[in-house]
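The structure under discussion appears below in the form of structure tokens.
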Amino acid sequence: MPAISQGELELVRFNTTEILREIQRTLFPKLVSHVSCNYGRIPTLGCMNRVGDDRYVISVHSLLNHPDTPELVIRHLLIHELLHIEIPPRALREGEVDPRISRKRGEVPQEPLGPIHHPAEFWVRERELSPDRIVAMRWIFEAFGGRLIYRAKEEGIWVRKWRSEYGRGIKRPSIEKVREGLKEEELSGRDMLGDVAEGFEIEVVS
């Protein structure tokens, strides 16, 4: 189970809990589970943990707990994590390609990798619910690229060892500049996560 943050004082310029409630009400009306959220020092950019019957906690990394973090970015991460309740992990179907395996290297896993947490239908649903997903992830990569590690087999983005004082010197771009830098075909055609990360200093671990 991923680490659960104890929670930090919220430094963003919006109320994250209010955004979470609005997302649940408008995009996940059938979701009756109680979901709370916080910021803290966790291994990944974000994670979802079940803490009881129909109770979940979304934790977001401290890197994003900053006044210059755009609401659009947090909104996307919350949608992504809520989708894990709607679309739970499942086994690969017969003939289905496992996206956790690098086809370029001809990699063959030594043992089964287990259920997949981001099957194809997960990304299809995310495109429907989070139209700004490419802008949000590109903002994250531009702001923190060299501090991130994409672990394919674990299906997540890890943050390198980090202390709060290291984050103070990070220059966070404006969301408008990031959006302007993306071509129309990139906004509509790219999928998560490899294509969007292309060209940044993100370490990829298969």
Checklist outcome for this item: Within region 18-35, the residues that are of a type in the set (Ser, Thr, Tyr) and surrounded by 14 or more Cβ atoms within 10 Å (Cβ to Cβ) are Ser33
Next on the checklist: Looking for something among the acidic types (Asp, Glu), at pLDDT below 90 and in a loop (DSSP other than H, G, I, E, B) - is there at least one such residue anywhere in region 109-124?
Outcome noted: yes
Checklist entry - If we keep just the residues of region 143-172 that are basic (Lys, Arg) and touching a strand residue (DSSP E or B) at 6+ places or on another chain (Cβ under 9 Å), which is modelled with the lowest pLDDT? => result Lys153
Item to check | Condition check for Leu92: under 15 Å from the mean Cα position of the chain (by Cα) and at negative phi | outcome: no
Checklist entry - Among the residues of region 14-43, which ones are among the β-branched types (Val, Ile, Thr) and farther than 16 Å from Val60 by Cβ? => result Thr26, Val32
Next on the checklist: Could you check region 125-135 and list, in sequence order, the residues that are in a helix (DSSP H, G or I) and surrounded by fewer than 17 Cβ atoms within 10 Å (Cβ to Cβ)?
Outcome noted: Arg125, Arg127, Glu128
Checklist entry - Given the conditions (1) under 13 Å from the mean Cα position of the chain (by Cα); (2) not in a helix (DSSP H, G or I), which single one is not true for Val73? => result (2)
Checklist entry - Taking region 38-48, which residues are in a strand (DSSP E or B) and under 14 Å from the mean Cα position of the chain (by Cα)? => result Tyr39, Thr44, Gly46, Cys47, Met48
Next on the checklist: Out of everything in region 4-36 that is of a type in the set (Asp, Glu) and outside any helix (DSSP H, G or I), what residue ends up being farthest from Pro67 (Cα to Cα)?
Outcome noted: Glu8
Checklist entry - So which residues in region 50-70 are without any contact (Cβ under 8 Å) to a residue 60 or more places away in the chain and either surrounded by fewer than 17 Cβ atoms within 10 Å (Cβ to Cβ) or more than 14 Å from the chain's Cα centre (by Cα) (or both), if there are any at all? => result Arg50, Val51, Gly52, Asp53, Asp54, Arg55, Tyr56, Val57, Asn65, Pro67
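The values are calculated or read from the model by the stated rules, or taken from the named source; none is laboratory data. It should be emphasised that the depicted structure is a prediction, and the values quoted were computed from it without experimental measurement. So basically every Cβ, Gly included, is an ideal-geometry build from the backbone, and we count neighbours across all protein chains shown.
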